[in-house]
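Enquirer: Dropping a structure here in structure tokens format, bear with me for questions.
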Amino acid sequence: MSDYVGSLCRSVNFHLRNLRRIRRFIDQSTCAHAVRSLILSWLDYCNSLLAGISQSDIQRLQSLQNRAARLIYQVDRYTPASPLLRELHWLPVQQRIHFKVLLHVYNSFYHLSPVYLQELIAKYNPGRRNLRSSNDNTRLAIPSTRRSAGDRSFAVIGPRLWNALPSHIRAAPNVQYFKKLLKTHLFPIE
């Protein structure tokens, strides 16, 4: 995955450099649209595959998102990026990845995705034990794996993230409402 992150960083850096060259000729709104279409689309493309990657790779991608936010507001590189990301309503990279994985799990759980994704998740069955979790019909079973690569698979990380969500988010009646609740839940409060 580090090779993929490296090539992604090169591509995004190319676009950031080109946007920086023309930044003084465009207004803030136009720059924000350009960054969303050129930079965030690269960061979001297949980012659910990045679930469980190393923290150093996440940090490399986060620094690109921070640079993009600083470019929009035309501030120097020493300005903290967190307030800028919050003002733009952008989730940090790690939360963007979790958002995408959880959206795939929601669609699979409610049979809105292809069958091959639905087959990767299974509802939690507590057996004959009478547990508090027995009443929650939105929980998923987390399969056990022997390797760390298996822990990064959709079948493992999806249910793990899904079960960590509050039950009122998991039980959202439609996709749009689920996205709204999920983004509110994942948005960092600082």
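The values are calculated or read from the model by the stated rules, or taken from the named source; none is laboratory data. It should be emphasised that the depicted structure is a prediction, and the values quoted were computed from it without experimental measurement. Neighbour counts are summed over all protein chains in view; Cβ atoms, including those assigned to glycine, are modelled from backbone coordinates with ideal geometry. Heads up: the accessible areas ignore ligands, DNA and RNA and are worked out on the full protein's heavy atoms, side chains in. Shrake-Rupley method; radii C 1.70, N 1.55, O 1.52, S 1.80 Å.
Enquirer: Which of the numbered conditions does L120 fail, given that it passes all the others? Conditions: (1) touching a helix residue (DSSP H, G or I) at 6+ places or on another chain (Cβ under 7 Å); (2) at pLDDT 95 or above.
Expert: With respect to (1) touching a helix residue (DSSP H, G or I) at 6+ places or on another chain (Cβ under 7 Å); (2) at pLDDT 95 or above, L120 is out only on (2).
Yes/no per residue for (1) charged (D, E, K, R); (2) touching a Gly at 6+ places or on another chain (Cβ under 9 Å); (3) in contact (Cβ under 8 Å) with a residue 24 or more places away in the chain:
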residue: S2; (1), (2), (3): no, no, yes
residue: S7; (1), (2), (3): no, no, no
residue: R20; (1), (2), (3): yes, no, yes
residue: R24; (1), (2), (3): yes, no, no
residue: T30; (1), (2), (3): no, no, no
residue: H33; (1), (2), (3): no, no, no
residue: L43; (1), (2), (3): no, no, yes
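Enquirer: Condition first: part of a helix (DSSP H, G or I), surrounded by fewer than 18 Cβ atoms within 10 Å (Cβ to Cβ) and either more than 11 Å from the chain's Cα centre (by Cα) or not charged (D, E, K, R) (or both). Now tell me which residues in the range 43-53 satisfy that.
Expert: Once the filter is applied, which keeps residues that are part of a helix (DSSP H, G or I), surrounded by fewer than 18 Cβ atoms within 10 Å (Cβ to Cβ) and either more than 11 Å from the chain's Cα centre (by Cα) or not charged (D, E, K, R) (or both), the range 43-53 yields only L49.
Enquirer: Within the group V105, V93, which residue is under 14 Å from P159 (Cα atoms), β-branched (V, I, T) and open to solvent by less than 20 Å² (accessible area, probe 1.4 Å)? Full working, then the answer.
Expert: On the way: V93 fails: under 14 Å from P159 (Cα atoms).
After applying the criteria, what remains is V105.
Enquirer: Taking the condition of being of a type in the set (F, W, Y) and under 18 Å from L112 (Cα atoms), how many residues in the range 166-187 meet it? Let's see the steps before the verdict.
Expert: If we filter the range 166-187 for residues that are of a type in the set (F, W, Y), which is where we start, we get 177-178, 187.
With under 18 Å from L112 (Cα atoms) added as a condition, the list becomes 177-178.
So the answer is 2.
Enquirer: While we're on this one: Which members of the range 68-79 meet the condition of being surrounded by 19 or more Cβ atoms within 10 Å (Cβ to Cβ) and of a type in the set (V, I, T)?
Expert: Answer for the range 68-79, where residues must be surrounded by 19 or more Cβ atoms within 10 Å (Cβ to Cβ) and of a type in the set (V, I, T): just I72.
Enquirer: Scan the range 158-190 for residues that are more than 21 Å from A141 (Cβ to Cβ) and among the polar types (S, T, N, Q) and report the count.
Expert: 3
Enquirer: Would you call Q65 part of a helix (DSSP H, G or I), of a type outside the set (K, R), surrounded by fewer than 19 Cβ atoms within 10 Å (Cβ to Cβ) and modelled with pLDDT of 95 or more? If you could, list the steps in order and put the result at the bottom.
Expert: Details: part of a helix (DSSP H, G or I): yes; of a type outside the set (K, R): yes; surrounded by fewer than 19 Cβ atoms within 10 Å (Cβ to Cβ): no; modelled with pLDDT of 95 or more: yes.
In short, no.
Enquirer: What residue, of S29, S56, S7, S82, is among the small types (G, A, S), exposed (fewer than 15 other Cβ atoms within 10 Å of the Cβ) and more than 28 Å from L161 (Cα to Cα)? Show your work before the answer.
Expert: Working: S56 fails: more than 28 Å from L161 (Cα to Cα); S7 fails: more than 28 Å from L161 (Cα to Cα); S82 fails: more than 28 Å from L161 (Cα to Cα).
Every option except S29 fails the conditions.
Enquirer: Filter the range 154-190 down to residues that are in contact with a Pro (Cβ under 9 Å, 6 or more places away or on another chain) and more than 29 Å from R86 (Cβ to Cβ) and give me whichever is most open to solvent (accessible area, probe 1.4 Å).
Expert: Filtering the range 154-190 for residues that are in contact with a Pro (Cβ under 9 Å, 6 or more places away or on another chain) and more than 29 Å from R86 (Cβ to Cβ), the one most open to solvent (accessible area, probe 1.4 Å) comes out as A155.
Residue by residue, here is whether (1) in contact with a His (Cβ under 6 Å, 6 or more places away or on another chain); (2) under 25 Å from V101 (Cα atoms); (3) among the polar types (S, T, N, Q) holds:
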{"residue": "M1", "(1), (2), (3)": "no, yes, no"}
{"residue": "F14", "(1), (2), (3)": "no, no, no"}
{"residue": "R20", "(1), (2), (3)": "no, no, no"}
{"residue": "R23", "(1), (2), (3)": "no, no, no"}
{"residue": "D27", "(1), (2), (3)": "no, no, no"}
{"residue": "A34", "(1), (2), (3)": "no, no, no"}
{"residue": "L43", "(1), (2), (3)": "no, yes, no"}
{"residue": "N47", "(1), (2), (3)": "no, yes, yes"}
